[in-house]
1. Residues that are in contact with a strand residue (DSSP E or B) (Cβ under 6 Å, 6 or more places away or on another chain), touching a residue at least 24 places away in the same chain (Cβ under 8 Å) and under 25 Å from B:VAL108 (Cβ atoms): does region A:232-254 have at least one?
2. What residue, of B:GLN127, B:GLN98, is under 19 Å from B:THR47 (Cβ atoms) and out of contact with any helix residue (DSSP H, G or I) (no Cβ under 9 Å at 6 or more places or on another chain)?
3. Only one of these conditions is not met by B:VAL125: (1) within 30 Å of C:TYR30 (Cβ to Cβ); (2) in a helix (DSSP H, G or I); (3) in contact (Cβ under 8 Å) with a residue 40 or more places away in the chain. Which number is it?
4. Looking at region F:173-197 only, could you name the residues that are part of a strand (DSSP E or B) and touching a residue at least 60 places away in the same chain (Cβ under 8 Å)?
5. Could you give every pair whose Cβ atoms fall below 9 Å, whose first residue belongs to region C:54-76 and is without any contact (Cβ under 8 Å) to a residue 24 or more places away in the chain, and whose second residue is assigned to a strand (DSSP E or B) and among the β-branched types (Val, Ile, Thr), counting only separations of at least 6 or pairs across chains?
6. Give me a count of the residues in region A:50-63 that are open to solvent by less than 80 Å² (accessible area, probe 1.4 Å) and either charged (D, E, K, R) or at pLDDT 95 or above (or both).
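The values are calculated or read from the model by the stated rules, or taken from the named source; none is laboratory data. Given the structure is predicted, the values throughout are model-derived calculations rather than measurements. Ideal geometry is used to build each Cβ from the backbone, glycine not excepted, and the neighbour counts take in all protein chains shown. Protein only, heavy atoms only, side chains kept; ligands, DNA and RNA dropped before computing areas. Shrake-Rupley method; radii C 1.70, N 1.55, O 1.52, S 1.80 Å.
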Number of protein chains: 6
Amino acid sequence: MSSTTPSVRPSGRAPSDLRAVSLEAGVSRYAEGSCLARFGNTHVLVTASLETDLPRWLKGQKRGWVTAEYGMLPRATHTRGRREAAAGKQSGRTQEIQRLIGRGLRAVVNLEALGERQITIDCDVIQADGGTRTAALTGAWVALAQAVRYLGEEGLVADPAAVIRAPVAAISCGIYQNVPVLDLDYEEDSRAEADANFVIAGGADGTAGLVEVQATGEQRPFSEAELQALLDLAKLGCGHLFDLQQAALAAAAR
Amino acid sequence: MSSTTPSVRPSGRAPSDLRAVSLEAGVSRYAEGSCLARFGNTHVLVTASLETDLPRWLKGQKRGWVTAEYGMLPRATHTRGRREAAAGKQSGRTQEIQRLIGRGLRAVVNLEALGERQITIDCDVIQADGGTRTAALTGAWVALAQAVRYLGEEGLVADPAAVIRAPVAAISCGIYQNVPVLDLDYEEDSRAEADANFVIAGGADGTAGLVEVQATGEQRPFSEAELQALLDLAKLGCGHLFDLQQAALAAAAR
Amino acid sequence: MSSTTPSVRPSGRAPSDLRAVSLEAGVSRYAEGSCLARFGNTHVLVTASLETDLPRWLKGQKRGWVTAEYGMLPRATHTRGRREAAAGKQSGRTQEIQRLIGRGLRAVVNLEALGERQITIDCDVIQADGGTRTAALTGAWVALAQAVRYLGEEGLVADPAAVIRAPVAAISCGIYQNVPVLDLDYEEDSRAEADANFVIAGGADGTAGLVEVQATGEQRPFSEAELQALLDLAKLGCGHLFDLQQAALAAAAR
Amino acid sequence: MSSTTPSVRPSGRAPSDLRAVSLEAGVSRYAEGSCLARFGNTHVLVTASLETDLPRWLKGQKRGWVTAEYGMLPRATHTRGRREAAAGKQSGRTQEIQRLIGRGLRAVVNLEALGERQITIDCDVIQADGGTRTAALTGAWVALAQAVRYLGEEGLVADPAAVIRAPVAAISCGIYQNVPVLDLDYEEDSRAEADANFVIAGGADGTAGLVEVQATGEQRPFSEAELQALLDLAKLGCGHLFDLQQAALAAAAR
Amino acid sequence: MSSTTPSVRPSGRAPSDLRAVSLEAGVSRYAEGSCLARFGNTHVLVTASLETDLPRWLKGQKRGWVTAEYGMLPRATHTRGRREAAAGKQSGRTQEIQRLIGRGLRAVVNLEALGERQITIDCDVIQADGGTRTAALTGAWVALAQAVRYLGEEGLVADPAAVIRAPVAAISCGIYQNVPVLDLDYEEDSRAEADANFVIAGGADGTAGLVEVQATGEQRPFSEAELQALLDLAKLGCGHLFDLQQAALAAAAR
Amino acid sequence: MSSTTPSVRPSGRAPSDLRAVSLEAGVSRYAEGSCLARFGNTHVLVTASLETDLPRWLKGQKRGWVTAEYGMLPRATHTRGRREAAAGKQSGRTQEIQRLIGRGLRAVVNLEALGERQITIDCDVIQADGGTRTAALTGAWVALAQAVRYLGEEGLVADPAAVIRAPVAAISCGIYQNVPVLDLDYEEDSRAEADANFVIAGGADGTAGLVEVQATGEQRPFSEAELQALLDLAKLGCGHLFDLQQAALAAAAR
């Protein structure tokens, strides 16, 4: 799966190398949970907001909800994009991403244990260099976990440990110059033959479960063997991310 | 992958059974290509429209474009949904689906060979019983192929065979009561532990390539073995669909 | 009113000829009432949906409501039109038509006898060759009547016969090459000197009442005598349509 | 058609009486044509604006266009209505009315003689007491005629008399307490059994042609005899309105 | 502050001259309060509507609310502007103005004394020649005062005098050809070096308080001395406007 | 103007104290100019983007344009606000602020010297504790200056020093517990009797000119003396800000 020959990657990384990743929890003065997730030059600010006013369809159901919104600052990218608030609507891409993040988080949350409250995750991309959705989801779990810890500390939830069943992280992979590589940056992403996003839940015993697999042949169809290679890289990457998530939460608790 | 015990499926189908599928090409009086795709009680009407007025970003690039739109009649489903035109916007789900369809078709189209023209695929769900996006994409390829044949007959494209490199079809699969099953209907889809959509391109020699894999753990994470089982079912199903696509095109040519 | 000389009509029809009309009730698997109305190449799919959630302005008034929505598939016509859901709003034409249909149906409905419930009529044009609004309204009455019959069968309404006071049908007429003609197709409609839509309610004794008259001079003003000729044609046409409506309902009841 | 018994009308008017009508041309300081139309307590301010920038679909066609927009001040009525600009869209009613006005005016305009320019008619209801659309159209013709006169005076149109082929006016009628009456006010309009709007073009020799007939049974269907009675009233009323239009234009020319 | 040399102003006015101002209260047949405010060729129709249905955020707070909306007829100006209802949104300028008017009125209203009701002020510019926002606000106070008087007469408010603590008026000033001048018309406004809008509350003893100061350097920054000169002009102008407001209210009471 | 008695301010600051202010230029990897402006807990990220595609109304005019957009992350504040992109429109407050910023910057820019190009300033509030619009404008000038320096370095502008005529900065002031104070934080702002925003241009010789004055009586009208006191504070504050702007630019140039 990985190559010992000189790297094909523009960054010189080995195929199975993540970029420099940092997750910093507690960066927002006001939000109940927050995380600044940096994957190389991709920087995403995530906040988790406890909302007291439940959406109507959720009232009286004895369970809560976790939802996500995603946005990108207009000049997060090489060329300025149109501000979605000025355009008057969110793009299909934005909606696809925020649906993915919300779904991925809910996969590990016990909504009954959360109680009749909503946690809204805001993921705002400050700077983008590929992999914003996976960085967002990885940081979102940290912000969510911090918010749930706050619920426990405030006595609003009896057993915070029951609310989040497992960690969840996400990473992109792709076939670049016919080599499966981990954690694409923008230069790779824009020229990859295929790319994929994986959302993976961590198990108590180090095992992992697949929460979401999205793989797309951009330049050509891909084979089952290639899909397997990408999946193997993703498991490797998410293993590292689970450790960084725990470290970020621990640092913020001090 | 399949089970010899009594079927767990509400319909009584075996795990690897498709529903009754019919693809009928040429159903529209006006469109250059069209197909009524029926997967059991899921009925999708697809048209392929040749558009002479290229979007601005495409002009002068010596290549064409294929794009898709998706809609659902308000009472296609058990309970009436709000008409998107009245709501004033397309839902995130709608946008996600039409992006998937367009991407899946373009994966097998040679846009340079198509020339400076756009083909717009409209997929309108007349009746929905699960699997609308995969039925739409499978029918969309038929409508597109008919429209490209029209381009050849009219002398607008020199070599229509060069425009579409391969057939492409799509099918859903899922884990239902812990059994991997093919082609979910609504009752299965709404209660599946995991579901997946596969877009697969047919090869000249019977081989196939993966164009898109989207798998989601709805009730729980899923394992690699389960992903493999779903993929095996999808390949089986798409093999049947490729045959039905060719038959529909042949029938419409008579 | 009719002419014995060679027909001026592109279709060769006599001035007082309807196109081949078929009304098929019960075509939707889910809707409480439905009808596929075909007037020649104009095909409209109508569903009647029983809605349990009344609009706020109607609550507590001891009466119900009947409303209609109208849409056209983008490639129902010779050239593709923009999808209204993508455009983000319904055109003035669409709104005008759906207001006409709702008004025409309510003219024969006893809203108190319907009780505190709403029936929403969706009219979706699958294929258009002129006269879509009148075909839609004619089919809408069938779908509505089927839904009211369902209300009776379910014991939700004590006396379904009291809910719908009379049949209602609609037909277009026009002055084409200075001859008043019935049931314009698109080729006639686009070149007519004047056109008109009539909504007519059937009487128990074969008499009829006017529900709506909309006549427009497209190329020139028209005379009172011409208006009278169009009205006479419309009465003739609606007489036939009343018979077809009853037959469709009877066939669906078997 | 009219009654010699005590009037059924709340205002005490005879069935064939118009309200006090005044048409004042040239009320706007800036517009090329304008008219304040007052039908009793219904007051509509109309401007005709010469637009140098043609809509794209009209360019290079050697003809012009006349279009209309309609609006109502939020407190023109007994209770405040929502401002359409704040609501973010025009209602179906608004669009229906502005389409009617544009169509009615174009019926008497020679668009080739107008040349490659657009005249936009704005009809804004300052105060509403029924019949706003017919008052608007009647005043709109005056504003349009003044604007065309301006085109002649400025030498922009060679033969202004050729541009407008005939006067056009509009009036509402209705069946109120089973009596056909002319020019409904709001109190009548809200309780009429049927109402109708007629747009009528004046002939050079005093004859008139029908441009638009819109009649609706609000409380019950109406008969052919009733339609005829309403039409007779409308012709009478429009005869008066043609005189007032000419007088308004003459007064503004001084 | 004023100049004895020949006027620099296009209108020939002295620097401290208002245009001919008239305020006419009670011009609307339906509104609880109304005022037609004319500042030269700037004409604004203002209505004050008593709304029984409070916005949700205000319910149960034992106080009321005063809010304002602003609009301009499309041809109020030299060239036609796009109708905001057709454009589907209110411009930033419109929102800025209506926020200013609402804020200025609320500065002198005792919302607790008003009770749990909302008064909505609609300011519609019939004709514009500069200074529409200040004319609107000056007329809005008259309409508001008339509506509050109505509340007292109807016994809905115990002490109407307690509801409005002071009169409030507004006027524009500017630096035109380096001379501070009062009440800019459009020609001055479009070429002024700086312009300013002042909202001033009248005191019981003839003193005045500043409610809002908005001054902008359009062609160049301005000095403190210039700001002072503009403020002195505004106080002078508002003194006249307070008198006209009282006279308008008195005339409407007769 | 300032007080020697114990501070009334929640923060303990003296009335004429700014918060801790830092301006950091060059924080964005991609933008031609950028600045992170921090005024205490108010943090605004500003980018300046060089846009090659001019708005249509500006083409061929031999001058450029500077415009600004403003946004706030949903959880920048104590409670989460609705995301404007999801709401589908920018609030009146947002539009008012972005208009202020654009106007303030253009007051010191020579648009002819800038040439036919647009610079778009994006101001995104990461965290808000009062004074976001003035922090944004102060940082925006730094980002703009950096972008203009880039234009010079790239040889796109012959004389970058001619493009920006002067520095411009902004600061808020207010009357808090009857004391005029500088640079309100949120706690002061929400309870101030009056607040004001000043935009001030720096002179070559240390003199300053007023670009914009916006003062509002929130709890009561304010006096001329109070306005003067606020203005004096603002001049003091902007003097400091000019120094910080120059230092930020110098640091980024190294």
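1. Taking every residue of region A:232-254 in turn, none turns out to be in contact with a strand residue (DSSP E or B) (Cβ under 6 Å, 6 or more places away or on another chain), touching a residue at least 24 places away in the same chain (Cβ under 8 Å) and under 25 Å from B:VAL108 (Cβ atoms).
2. B:GLN127
3. (2) is the only condition that B:VAL125 fails.
4. Going through region F:173-197, the residues part of a strand (DSSP E or B) turn out to be F:173-176, F:179-182, F:194-197.
If the condition is that a residue be part of a strand (DSSP E or B) and touching a residue at least 60 places away in the same chain (Cβ under 8 Å), then F:CYS173, F:TYR176, F:VAL179, F:PRO180, F:VAL181, F:LEU182, F:ASN197 are the ones that fit.
5. Pairs that qualify, where the first residue is without any contact (Cβ under 8 Å) to a residue 24 or more places away in the chain and the partner is assigned to a strand (DSSP E or B) and among the β-branched types (Val, Ile, Thr), are C:PRO74/B:THR47; C:PRO74/B:THR120; C:ARG75/B:THR47; C:ARG75/B:THR120.
6. 3
To keep it simple, each residue is scored yes or no on (1) modelled with pLDDT under 95; (2) part of a helix (DSSP H, G or I); (3) closer than 16 Å to E:ALA135 by Cβ.
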| site | (1), (2), (3) |
| --- | --- |
| E:ILE200 | no, no, yes |
| E:ALA204 | yes, no, no |
| E:GLN214 | no, no, yes |
| E:GLU226 | no, yes, no |
| E:ASP232 | no, yes, no |
| E:CYS238 | no, yes, yes |
| E:LEU249 | no, yes, no |
| E:ALA252 | yes, yes, no |
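Okay, residues lined up against (1) out of contact with any Lys or Arg (no Cβ under 8 Å at 6 or more places or on another chain); (2) within 28 Å of A:ARG106 (Cβ to Cβ); (3) within 14 Å of chain B (Cβ to nearest Cβ); (4) open to solvent by less than 30 Å² (accessible area, probe 1.4 Å):
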position	(1), (2), (3), (4)
A:ALA145	yes, yes, no, yes
A:TYR150	yes, yes, no, no
A:ASP159	yes, yes, no, no
A:VAL168	yes, yes, yes, yes
A:CYS173	yes, yes, yes, yes
A:GLY202	yes, yes, yes, yes
A:GLU212	no, yes, yes, yes
A:ALA215	yes, yes, yes, yes
A:GLU218	yes, no, yes, no
